[in-house]
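Peer 1: The structure's right below; bear with me while I get my questions together.
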Amino acid sequence: MIEIIFQSSTDARSFYERLCERLQSFCQSDKSILHFEDQHIVRVSSDTSGIILNTVKEVFVQFIVNQKQDDWFKRILMEHYFYEDEGEQQQILEIIHSILEGSREDLAAFVSGLDIKESLKSAIDELFQNNISFSFDSFVKFRMRPLMNEMAKYVEVSIDEYKMEQEYQIFVHTLRDFLSGRQPKANTIHVLMDEGVHFYDEQFSEIKRGELLRMIDRKLLSNHPVYVDSVTIAPLLSIAPSSIYLYSYDFDQPLVRTIRNIFEERLELSSIEAFYNYQNAHSYADDEKCKRYP
């Protein structure tokens, strides 16, 4: 017999309902397998094959990961880092989940060697044995202390990332304000990211580095000396073209992302092959014009 005692009737009911779904085929043949008593206690009759026991352990893991884990992350955010705003909590939780799901390799490096789900499975494997009775809340308080330390590390890394993203958004907003107050010095600029960054005018003639440096508004660099890239972003902000055509192999790189966020509706992305096709076509049209009007 397995007996799990909950302090919260809501937790007890949720776990019981999850278990009912998974043990439905067993319960249909034997109604005595699963019981829900006093709104706080879940009892399960184990079997000699171990199938029911393993199912209970799996559901227990899922219950914690899907229902309790975010509550614990929020508790860490509030008690250790004083994040009480629900909006901020949710944004940080989204970063945490992106790490857990493996979509943020850059941040996963800071929690390498930590695996919350595996640690949870190990703790549950140690706990669950035949004919056991335990308190869920005592299990969380005492057995899961090492796991809570791992969770705290995920929270710490995610808070740092959240703060950086907030600073980045402020930075982008400031530059968009700077851009909105400028008159365009060119209708169209072509930016080629191919073995470096190269600027071209509307006629596909390259704008040399020295000329770009002379165009840069010095106030821009003095106000944002650390964040503004003097090779690409500073010239674009200073010229403030009506249209920017950017050509690259990788539109997910940080520099392209920043240009997209600042210039938004002014920007059009295309492939490097397209740039050379446009340039060759423009050069051919100029040659034909010269032949007609020598």
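Peer 1: Among the β-branched types (V, I, T), more than 17 Å from R18 (Cβ to Cβ) and part of a helix (DSSP H, G or I): is that true of I52 in this structure?
Peer 2: Numbers: among the β-branched types (V, I, T): yes; more than 17 Å from R18 (Cβ to Cβ): no; part of a helix (DSSP H, G or I): yes.
So I52 fails the test.
Peer 1: Hey, any hits in the range 48-57 for a residue that's under 27 Å from K153 (Cβ atoms), modelled with pLDDT of 90 or more and in the same structural domain as S158 (by TED's automatic domain parsing)? Break it down into steps so the answer makes sense when it comes.
Peer 2: Residues of the range 48-57 that are under 27 Å from K153 (Cβ atoms), as a first pass: 57.
Of the ones still in play, those that are also modelled with pLDDT of 90 or more are 57.
Next cut, in the same structural domain as S158 (by TED's automatic domain parsing) only: 57.
Scanning the range 48-57, I find at least one residue that is under 27 Å from K153 (Cβ atoms), modelled with pLDDT of 90 or more and in the same structural domain as S158 (by TED's automatic domain parsing), so the answer is yes.
Peer 1: Taking the condition surrounded by 17 or more Cβ atoms within 10 Å (Cβ to Cβ) and touching a strand residue (DSSP E or B) at 6+ places or on another chain (Cβ under 9 Å), does F73 pass? Can you show your working first?
Peer 2: Details: surrounded by 17 or more Cβ atoms within 10 Å (Cβ to Cβ): yes; touching a strand residue (DSSP E or B) at 6+ places or on another chain (Cβ under 9 Å): no.
So F73 fails the test.
Peer 1: Additional query: Given the range 185-267, what helices (runs of 4 or more DSSP H) lie entirely inside it while holding 2 or more residues that are at pLDDT 95 or above and of a type in the set (G, A, S)?
Peer 2: Working: elements: 209-215, 218-223, 233-239, 254-263.
In the range 185-267, there are no helices (runs of 4 or more DSSP H) which contain 2 or more residues that are at pLDDT 95 or above and of a type in the set (G, A, S).
Peer 1: Now a separate question. Among the residues of the range 179-187, is there at least one that is within 30 Å of Q91 (Cα to Cα) and in contact (Cβ under 8 Å) with a residue 24 or more places away in the chain?
Peer 2: The initial filter retains those residues of the range 179-187 that are within 30 Å of Q91 (Cα to Cα), namely 179-180.
Now narrow it down to the ones that are in contact (Cβ under 8 Å) with a residue 24 or more places away in the chain: 179.
Yes, the range 179-187 has at least one match.
Peer 1: Give just the number: which of (1) without any contact (Cβ under 8 Å) to a residue 24 or more places away in the chain; (2) under 30 Å from I116 (Cβ atoms); (3) of a type outside the set (D, E, K, R) does G210 not satisfy?
Peer 2: (2)
This table checks each residue for (1) over 30 Å from Y245 (Cα atoms); (2) surrounded by 14 or more Cβ atoms within 10 Å (Cβ to Cβ).
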| residue | (1), (2) |
| --- | --- |
| F142 | yes, no |
| N149 | yes, no |
| E167 | no, no |
| L192 | no, yes |
| S205 | no, no |
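The values are calculated or read from the model by the stated rules, or taken from the named source; none is laboratory data. Given the structure is predicted, the values throughout are model-derived calculations rather than measurements. Reconstructed Cβ throughout: ideal geometry from the backbone, glycine too, with neighbour counts over all protein chains shown.
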